[in-house]
Amino acid sequence: MKGALEHYSQEFLELLFPAVHEQVDWSRGYSFLDKELQQITADANSGRRYTDKLVKVYAHDNSETWVLIHAKVQGEPEHAFAERMYTYQYRLRDRYGVDVVSLAVLADTSPSFRPVAYHYARWGCELTFTFPTAKLIDWEARWEELEGSRNVFALVVMAQIQAKRLKDGNARKAFKVALIRRLYERGYRREQILRLFTVIDWMIQLPQGLEREFLQAVYAIEEEKHMPYINTAERLGMEKGRLEGLEQGLEQGLEQGLEQGLEQGRLEAKRETARNLIARTEMDDHTIAEIAGLAMDDVAQLRAEHSH
């Protein structure tokens, strides 16, 4: 989700928060404030349950506004979510003194979990902080609208919803293939297709036994559309690299302990994924780190090794 938000911030707001999108002067561009966000979330023990992005935009009156996107992507309903929204809001205002618009995205599947405000009151002192919320499963009732939308973030929403809903491997594969087909049918540029392919591939993961069938289906779509964008051989090479890394770790595990070997194998598999993305795509280090599950410093080191 974080990679999709980074690449498609404008499309994200247009689809999920159209009222906010209309207030932004997109002609002035926008930028991400990763360091500023890290300053106020460094002590948050949230793991992969949350995705946060802080974006600097400009309103039509030329005033600078920061948009904080806080997305709950995993786990069960949480009573402290609204308080966290407020905490991030006041920390940003206190530290940087700018207007902050806080937006919540709920990617969980609980129909009743819909926080929209944080309220506190005691002894005559009262505070209410409200924030716009987008619940992704609400789009299930508007599925045809998603299918017909030209907004690329609609595909991300579809992938996120079905990644939660579909548990059967074959059903996941069928939907994933159908979603990839849409990429080719919409006439996107090669770079756009590659980026969306990576996002969808990461969101909707398949059992290892179905991965090759999925790749063959992608290859068939490319042949049909005469658009050989996704290099199937490279993709299979990435999978081979993951397996080789795991096997190498397992071999070491015979001597150093099985658990240590497994961990080494997982780490080598992640590095191999990152190496392939560095060599074969134009993705930035942040996106590669998110996909591969590595730290930014690790990706930067691998990129430096690749450049020599």
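A few points about this structure:
Residue by residue, here is whether (1) farther than 24 Å from Val156 by Cα; (2) assigned to a helix (DSSP H, G or I); (3) open to solvent by 20 Å² or more (accessible area, probe 1.4 Å); (4) at pLDDT below 85 holds:
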residue: Ala174; (1), (2), (3), (4): no, yes, yes, no
residue: Tyr188; (1), (2), (3), (4): no, no, yes, yes
residue: Ile200; (1), (2), (3), (4): no, yes, no, no
residue: Leu254; (1), (2), (3), (4): yes, yes, yes, yes
residue: Gln260; (1), (2), (3), (4): yes, yes, yes, yes
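- Scanning the stretch 6-18 for residues that are open to solvent by 30 Å² or more (accessible area, probe 1.4 Å) and in contact (Cβ under 8 Å) with a residue 60 or more places away in the chain yields a total of 3.
- Flag for Gly47 being modelled with pLDDT under 90 and on the phi > 0 side of the Ramachandran plot: yes
- Single unsatisfied condition, Arg114 versus (1) under 27 Å from Gln192 (Cα atoms); (2) modelled with pLDDT of 90 or more: (1)
- Single unsatisfied condition, Gln10 versus (1) under 17 Å from the mean Cα position of the chain (by Cα); (2) at pLDDT below 90: (2)
- Evaluating Val157 against the criteria (1) open to solvent by 20 Å² or more (accessible area, probe 1.4 Å); (2) out of contact with any Asp or Glu (no Cβ under 8 Å at 6 or more places or on another chain) leaves one unmet condition, (1).
- Under the condition of being touching a Gly at 6+ places or on another chain (Cβ under 8 Å) and modelled with pLDDT under 85, the residues counted in the stretch 202-213 number 2.
For (1) at pLDDT below 80; (2) closer than 20 Å to Gln38 by Cβ; (3) surrounded by 19 or more Cβ atoms within 10 Å (Cβ to Cβ), each residue gets a yes or a no:
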{"position": "Glu263", "(1), (2), (3)": "yes, no, no"}
{"position": "Glu268", "(1), (2), (3)": "yes, no, yes"}
{"position": "Ala289", "(1), (2), (3)": "yes, yes, yes"}
{"position": "Leu294", "(1), (2), (3)": "no, yes, yes"}
{"position": "Ala300", "(1), (2), (3)": "no, yes, no"}
{"position": "Glu305", "(1), (2), (3)": "no, no, no"}
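- Consider the stretch 202-220 and keep the residues that are assigned to a loop (DSSP other than H, G, I, E, B) and aliphatic (A, V, I, L, M). The one that is most open to solvent (accessible area, probe 1.4 Å) is Leu206.
- Among the conditions (1) under 24 Å from Leu179 (Cβ atoms); (2) open to solvent by less than 50 Å² (accessible area, probe 1.4 Å), the only one that Ala141 does not satisfy is (2).
- For the stretch 108-129, the count of residues that are closer than 23 Å to Ser31 by Cα and not β-branched (Val, Ile, Thr) is zero.
- For the stretch 225-238, the criterion of a residue being modelled with pLDDT of 85 or more and in a helix (DSSP H, G or I) is satisfied by no position.
Yes/no per residue for (1) touching a residue at least 12 places away in the same chain (Cβ under 8 Å); (2) under 15 Å from Lys72 (Cα atoms); (3) in contact with a helix residue (DSSP H, G or I) (Cβ under 7 Å, 6 or more places away or on another chain); (4) part of a strand (DSSP E or B):
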site: Gln89; (1), (2), (3), (4): yes, no, no, no
site: Ser102; (1), (2), (3), (4): yes, yes, yes, yes
site: Arg114; (1), (2), (3), (4): yes, yes, no, no
site: Tyr120; (1), (2), (3), (4): no, no, no, yes
site: Thr128; (1), (2), (3), (4): no, no, no, yes
site: Ala141; (1), (2), (3), (4): no, no, no, no
site: Ala159; (1), (2), (3), (4): yes, no, yes, no
site: Ala163; (1), (2), (3), (4): yes, yes, yes, no
site: Ala178; (1), (2), (3), (4): no, no, no, no
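The values are calculated or read from the model by the stated rules, or taken from the named source; none is laboratory data. Computed from a prediction, not measured in an experiment: that's the story for all the values here. Every residue, glycine as well, gets a Cβ built from its backbone with ideal geometry; the counts of neighbours run over all protein chains shown. Please note that ligands, DNA and RNA were not included when accessible areas were found on the heavy atoms of the full protein model with its side chains. Shrake-Rupley method; radii C 1.70, N 1.55, O 1.52, S 1.80 Å.
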